[in-house]
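Worksheet: the structure to be examined is printed underneath.
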């Protein structure tokens, strides 16, 4: 544990530890690498010493002394004397850290979307109204029927633009719903996924269970699609394994910020993408290098995590829990 409060007070550094821009177990300060921006968006973990900026995912690391040196404008040697080298990742020296951060400027922040509620034609399916959606979920190996939809705040529709689609909510880091993506259950529909308000909104959000922000410890797995994450999370939660969907393989800076804040609450981080998306998985691993994520490989006969059987998912979760 690091007493950031005492250290920041001693050096007269302005910080916040409450409000919409903060998360549990963190204190936020102004990011020294974001040009012409006065927001408190550099998060300092009280537990691990890691730091990351939710506006620019490149501003991250695990050397707390490096962060303090730049935040308080002191030498690295003085910062080490004040705080110690807490949480330094093996293989990343101070010289490499300095090189990585040299000249970094914040890119324009992604568009901010307001809270969105489900449209009136969207509803929770039951055996009496929407049984076909429940059967579709069961065919994909996800049991629980209506309870699954309620538990994960999912909806369906039989009319309107999203007719005959299962709808997954898109959440920001504070679990605000800013949109959704709909997966068709019709074989005749060419567009498998359809999003609202548009595809850009998903570049700043994820799909997951709403309680995930209150979890501390365990394993977090990052998946591409919502069905992959749903299947893994529903089974894995009993083993301490939770899953998040990133809505594809193209991630924006705001979305990486969400993943960083979630990852900091877990002990271990894994990436499980489709077999054909290993390049994207490697890029994501590089972006989240401060958390030392590992890439999982699917069995030779499986191309998509959603194809894993219930038994295979249980086996995977048990293996992840004991991995170090």
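From the Cα gyration tensor of the range 210-322, with a ≥ b ≥ c the square roots of its eigenvalues, which class applies: rounded if a/c is under 1.5, or else prolate if a/b is larger than b/c, or else oblate? Since a/c reaches 1.5 but b/c is at least a/b, the shape of the range 210-322 is classed as oblate. When 311, 117 are arranged by Cβ crowding within 10 Å, least crowded first, meaning fewest neighbours, the order is 117, 311.
Highest-first packing order for the peptide set 286-297, 48-59, 215-226 is 48-59, 215-226, 286-297, based on the mean count of other beta carbon atoms within 10 Å. Highest mean first, the peptides 120-127, 179-186 sorted by other C-beta atoms within 10 Å per residue fall in the order 179-186, 120-127. At residue 314 and residue 186, where each label point lies 7 Å from the Cα along Cα→Cβ, what is the point-to-point distance in nanometres? Here the answer is 3.8 nm between the modelled labels.
Take every Cα pair under 8 Å whose residues are at least 6 apart in sequence, average their separation, divide by the length of the range 122-204, and the relative contact order is 20 percent.
Distance from the C-alpha centroid of the range 255-324 to that of the range 40-56: 22 Å, rounded to the whole angstrom. Residue ranges 140-147, 257-264 sort as 257-264, 140-147 when ordered by packing (mean number of other C-beta atoms within 10 Å per residue, highest first). The ranking of 314, 7 from fewest to most other beta carbons within 10 Å of each one's beta carbon is 314, 7. Our summary gives the range 138-270 a relative contact order of 22 percent, counting only alpha carbon pairs under 8 angstrom and 6 or more residues apart.
Shown here are the Rg and Dmax of the Cα trace of the range 276-324, at 12.4, 32 Å.
None of the figures in this text is laboratory data; all of them are computed from the coordinates on show. Here the structure is a predicted model, which means the values were calculated and not measured. Every residue, glycine among them, receives a Cβ derived from its backbone with ideal geometry; neighbour counts consider all protein chains shown.
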